[in-house]
Structures are given as structure tokens and as C-alpha cells.
1. With the requirement that a residue be hydrophobic (A, V, I, L, M, F, W, C), touching a helix residue (DSSP H, G or I) at 6+ places or on another chain (Cβ under 6 Å) and more than 12 Å from residue 45 (Cβ to Cβ), what does region 200-227 give you?
2. Could you check residue 13 against (1) within 19 Å of residue 166 (Cα to Cα); (2) modelled with pLDDT of 95 or more; (3) loosely packed, with under 14 Cβ neighbours inside 10 Å; (4) not small (Gly, Ala, Ser) and say which number it fails?
3. If I ask for residues that are surrounded by 15 or more Cβ atoms within 10 Å (Cβ to Cβ) and within 40 Å of the chain's Cα centre (by Cα), which ones from region 231-254 would you list?
4. Test each condition in (1) exposed (fewer than 13 other Cβ atoms within 10 Å of the Cβ); (2) not assigned by TED's automatic domain parsing to the domain that holds residue 217 for residue 48 and report the one that comes out false.
5. Quick one: how many residues across region 215-228 are out of contact with any strand residue (DSSP E or B) (no Cβ under 7 Å at 6 or more places or on another chain) and either crowded, with 17+ Cβ neighbours inside 10 Å or of a type in the set (S, T, N, Q) (or both)?
6. Considering each of 154, 117, 148 in turn, give the residue that is buried (at least 20 other Cβ atoms within 10 Å of the Cβ), modelled with pLDDT of 90 or more and assigned to a helix (DSSP H, G or I).
7. Of everything in region 95-114 that's under 17 Å from residue 83 (Cα atoms) and exposed (fewer than 12 other Cβ atoms within 10 Å of the Cβ), which residue is modelled with the highest pLDDT?
Amino acid sequence: MNNSSAPLIEVRNLVVEYASRGGAMRAVNDVSFTVLPGECIGFIGPNGAGKSTTMKVLLGFMFPKSGSVKLFNREPGATEARRRLGYLPEVTLYYPFMKAKELLFLYGGLQGMTRTQLKVRIPKLLEEVGLAGRGDTLLKNFSKGMQQRVGIAQAIIADPELLILDELSSGLDPVGRHDLRDVMLELKKAGRTIFFSSHELSEVETLCDRVIMINKGRVVLESPVAELMKPLNLFEIDFEQDGQPQTRSVSGAEKFNATLAEIISSGGRVIGTRTATRSLEDYFIEIIRGHEGSGR
């Protein structure tokens, strides 16, 4: 990841509103963030938080009330920017009587690929996403999970620099999520920039360099995943001090080691230790509820 490079995505003070009977409804409220080349960013939040709306503005499908958005330092929807990115929408709806390989020929052609290139690329790509040998199958005969795999294939067919993926693993079973994770890891190793939303927080832990959490249209947390995970690693230390049994709970390996040294240096006797790791999902829920309770 080259942090010295200019951002591929730059969002500044973004505000998006929808018209409603009671007046304008603000879906995105003063959101700012950047995505650097080579980063994998998890854009997470509950339903209705503003994730899909933000992504639609990034693609040029919607216009903001105020603020600015740049992709590759260009306006959303610019032809050059679109040629350099792949996109997976939240809901994939394709012509049901089209074959999988026909769909990929269409999307590859729109990305400027030749038929010769696509004849080589499509079979390999279908195998990558777990649809080997299904190129001649009509899309109407695909399950929701299989259609999601086709959607991922069309997003990466031209090997784009930037991937914007809305609800990455929607409709996939555990095997499908595992296979998809492998595909994303390979793209990440190849230096591709990935910006995705997902309800599967295990994907965030596995894939992401950084997390941006949004709720009620506002960013409530932005953190490197490594820093985010530190307080989730909890340790409990049982010890005896002045003849009295005690227990101390600490988070993070550094704090754990320091606390052990402190107990021993003060004359305490360590009886045992144990881990009590919290999940990212629990932490996510705690932050969201705290944000809602604060009334922000």
C-alpha cells in the first residue's frame, strides 16, 4: 500500500438528501473520508446508515446536496474514472435469458476488452468465483448466491484498479463467502484498492486495512483494523495480594504484560490467567448503540 500517493477516493463534507412527504430526509450528513491506493476499506453500519447512498454518489448515480466527491481526482461518473473501477451493486438484476458468459462478454466489452481477450479471461474468471463450467447456464437458473458470484465476476473482469462493492457477500452461503474471501485476498495481494460494505464483520477482520463505520448518515468511527482489534483482546488475571484473592481485567497484550509485572513487583502471587476475547460484532453494536443513545 502506497500511502504517499494521492487518494483514489476523496469525500469531503458530503450531504445527500431524499425528498419525502415531511420534507427533505438527510441520508448522508457531512461525511468525509479518503481511500488510498492499495487499501482495503470496510464501510460498515446498520441498515439505513447511508452506505449505499454514499456509494451511489461515488458512482455518479446520485447527486449530493453539498460537499464534494472525487474518484481518481475526477468527478463521479467521468468516463476515465469509470474505466478504472469495477462496481457490484447492492441488488444484482440481470437479464434472465442471458447466459453467464454472454453477460461477461457484455461487461468486458464495455470496459474495452476484445473478444479474444474475453475468450481467455471468462473461463478462468468463472472458476475463480466458483462457477466453473457454468458459462452457458441461463441466469434465470442461477440461485441468488450464484447471481452474486456472477456480479462479482463482472466487477473484476477488466482487472480494475479500484473495486466498489455494495454488500459484498449478499446471498452467499458459508462456502461462497469463503471462496469470495480468497478472491478478495488475491486482489488485495495484487495491489488492487477495495472499498466495500458488508454485514459480515468476519470479512472486515480478514480483509480490511481500515474500517469506516457510519450510522444515521454520519461517520462514528474510523480506525485501522489492527488498532480496532486491540481492545477486543481481553485478559483476566487471577492473583493473591496480601492474602486476598483478586482478579484484574485488561485489554491488549502490552497492557497484560505490564499488569503482570506490576502485580509481581508489588508482592502479588499470580494464580492463573485467561482470555476473554470480544467479537468485532459485539463492539460494533456497542458503538452504534452508544452513538444512538448520545442523540448525535
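The values are calculated or read from the model by the stated rules, or taken from the named source; none is laboratory data. What you are looking at is a predicted structure, and each value in this text was computed from that prediction instead of being measured. Glycine gets a Cβ as well: all are built from the backbone with ideal geometry, and neighbour counts include every protein chain shown.
1. 207, 208
2. (1)
3. Taking region 231-254 as the starting set, the residues that turn out to be surrounded by 15 or more Cβ atoms within 10 Å (Cβ to Cβ) are 232-235, 237, 239, 248, 250-252.
Hits for region 231-254 are 232, 233, 234, 235, 237, 248, 250, 251, 252.
4. All conditions are met except number (2).
5. The initial filter retains those residues of region 215-228 that are out of contact with any strand residue (DSSP E or B) (no Cβ under 7 Å at 6 or more places or on another chain), namely 215-216, 226-227.
Still in the running and either crowded, with 17+ Cβ neighbours inside 10 Å or of a type in the set (S, T, N, Q) (or both): 215-216.
Qualifying residue count, region 215-228: 2.
6. On the way: 117 fails: buried (at least 20 other Cβ atoms within 10 Å of the Cβ); 148 fails: modelled with pLDDT of 90 or more.
Result: 154 is the single residue among 154, 117, 148 that is buried (at least 20 other Cβ atoms within 10 Å of the Cβ), modelled with pLDDT of 90 or more and assigned to a helix (DSSP H, G or I).
7. Step one: list which residues in region 95-114 are under 17 Å from residue 83 (Cα atoms), which gives 104-114.
Add one more test, that the residue is exposed (fewer than 12 other Cβ atoms within 10 Å of the Cβ), and what stays is 112, 114.
Numbers: 112: 88, 114: 94.
Out of the qualifying residues, it is 114.
Residue-wise test of (1) in contact with a strand residue (DSSP E or B) (Cβ under 7 Å, 6 or more places away or on another chain); (2) among the aliphatic types (A, V, I, L, M); (3) under 23 Å from residue 31 (Cα atoms).
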| position | (1), (2), (3) |
| --- | --- |
| 188 | yes, no, no |
| 199 | no, no, yes |
| 210 | yes, no, yes |
| 235 | yes, no, no |
| 238 | yes, no, no |
| 248 | yes, no, no |
| 272 | yes, no, no |
